[in-house]
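The values are calculated or read from the model by the stated rules, or taken from the named source; none is laboratory data. Quantities reported herein were computed from a predicted structural model and do not represent experimental measurements. Cβ placement follows ideal geometry from the backbone for every residue including glycine, while neighbour counts extend to all protein chains displayed. We work out accessible area using only protein heavy atoms, side chains counted, and drop any ligands, DNA or RNA first. Shrake-Rupley method; radii C 1.70, N 1.55, O 1.52, S 1.80 Å.
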Amino acid sequence: MVVSVDRGRWGCVLDSDPHRPLVAMRARELGRTPIVVGDQVDVVGDLSGRPDTLARIVRVTERTTVLRRTADDTDPFERVVVGNAEKLFIVVALADPPPRTGFVERAMVAAYAGGLEPVLCLTKHDLAGDSEFAAAFDDLDLTIVYAGIDDPLDATLNLLTGHLTCFLGHSGVGKSTLVNRLVPDAARAVGEVSGVGKGKHTSTQSVALALPGGGWVIDTPGIRSFGLAHITPDDVIAAFTDLAGAIENCPRGCTHLGPPADPECALDELPDRARRVAAIRMLLVALNSNDQW
């Protein structure tokens, strides 16, 4: 598995010995094939991991899940963030910087479209006390955990152990602080939040770190943009098995937002699912919104 990427070199660990890292380069025949943290790859050559040795990546296996983004909502070029992650921890601070539902909604959209299970991870509970922020997602069956500096991590570890999980969040939300608590020898850089309420970038590249109890977490740099140009409304609805079949009866080009934009949307024929439909339409609004998040 690829655990780090740095200037044309990929850090990898063998499935047979995940505690022995090695460095690999991309074989020429792979061309510009993207290779990202979390990818499963075939390597040949010197697999000893000794200093100044290089293996070669000769094949990237098909990804089971993929987290993608674009630079903005008009950019046609997709960038793969991580491969094969089972869960996406959307890390949000309840204060300093203040939370925004739009970011969570857009991250959830990317997770659903890529086959990952989203989890909302709230930090800085000590600064905000009881917050109603999480209530905005009640009708989406979103798992929520509190993992601030004073919160016990038992519930968080139960979700992470045995899985490959990507951590995603703005700078300054406490993501690297959480990683350092989960992986004591991680030594991820931690910074303060600036005076204008924006975090400083402390992690500069994605890296996968082994959890002591099994499983991996992928710490990613704090994000400034998360475009969703590659995702359609149908991609979002398809992630919800209780609604996916209904949209087969929608007219062509339906955006599933309901009246007045889509007066014949089949989701409106599910009155017993009205709250669920309204919550998912909140995600679709975020998909089509260019608001600050």
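Ligands, DNA and RNA excluded, the heavy atoms of residue 68 present near 80 Å² of accessible surface to a 1.4 Å solvent probe.
For the stretch 52-154, what does the alpha-carbon gyration tensor say about shape, rounded, prolate or oblate, given a ≥ b ≥ c as the root eigenvalues, a/c under 1.5 as rounded, and a/b over b/c as prolate? Judged from the Cα gyration tensor, the stretch 52-154 comes out prolate (a/c at least 1.5, a/b above b/c).
When the square roots of the Cα gyration tensor eigenvalues are ordered a ≥ b ≥ c, the ratio a/c for the stretch 239-287 is under 1.5, which makes its shape rounded. With all protein chains in place and ligands, DNA and RNA left out, the 1.4 Å accessible area ranks 54, 211 as 54, 211, largest first.
Cysteines of the chain lacking any other cysteine Cβ under 4.7 Å from their own Cβ: 12, 121, 166, 265.
For a test of the definition: using alpha carbon positions, the gyration tensor, and the 1.5 limit on a/c, classify the stretch 1-82 as rounded, prolate or oblate. Prolate.
When the chain is treated as a Gaussian network with alpha carbon springs shorter than 10 Å, the biggest mean-square fluctuation among 255, 161, 53 belongs to 53. A Cβ-based charge dipole, computed about the Cα centre of the chain with Lys and Arg at +1 and Asp and Glu at -1, lands at about 1260 debye.
Backbone geometry of the stretch 19-31 corresponds, through the Karplus equation with coefficients 6.51, -1.76 and 1.60 at θ = phi - 60°, to 3J(HN,Hα) couplings of 9, 10, x, 9, 10, 9, 10, 7, 5, 4, 5, 7, x Hz, x marking Gly and Pro.
Around the amide H of residue 68, modelled in the peptide plane, lie the amide H atoms of 81, all under 5 Å away and 5 or more residues distant in sequence or on another chain.
For the stretch 137-185, the fraction of C-alpha pairs farther apart than 13 angstrom is 65 percent. Centroid-to-centroid, using Cα positions, the stretch 41-64 and the stretch 89-111 are 35 Å apart. Computed 3J(HN,Hα) for the stretch 5-10, one whole-Hz value per residue from the Karplus formula 6.51 cos²θ - 1.76 cosθ + 1.60 where θ = phi - 60°, is 9, 8, 6, x, 10, 10, glycine and proline marked x.
What is the log10 of I(q)/I(0) for the stretch 207-293, computed with the Debye formula using one identical point scatterer on each Cα and no solvent, at q = 0.18, 0.25 Å⁻¹? Summing over Cα pairs of the stretch 207-293 leads to -0.82, -1.25. The GluC sites (Glu not before Pro) of the stretch 82-141 that DSSP puts in a loop, and whose beta carbon has at most 15 other beta carbons within 10 Å, are 132. Between the labelled values (i) 16.1; (ii) 17.0; (iii) 20.0, the entry that holds mean projected area of the Cα convex hull in nm² as derived from this structure is (ii).
Have a look at the DSSP beta bridges in the chain and tell me what percent are antiparallel, nearest 5.
For the chain, the DSSP antiparallel bridge percentage is about 55.
Each eigenvalue of the Cα gyration tensor of the stretch 74-119, multiplied by 5 and square-rooted, gives one semi-axis; in descending order these are 21, 14, 9 Å.
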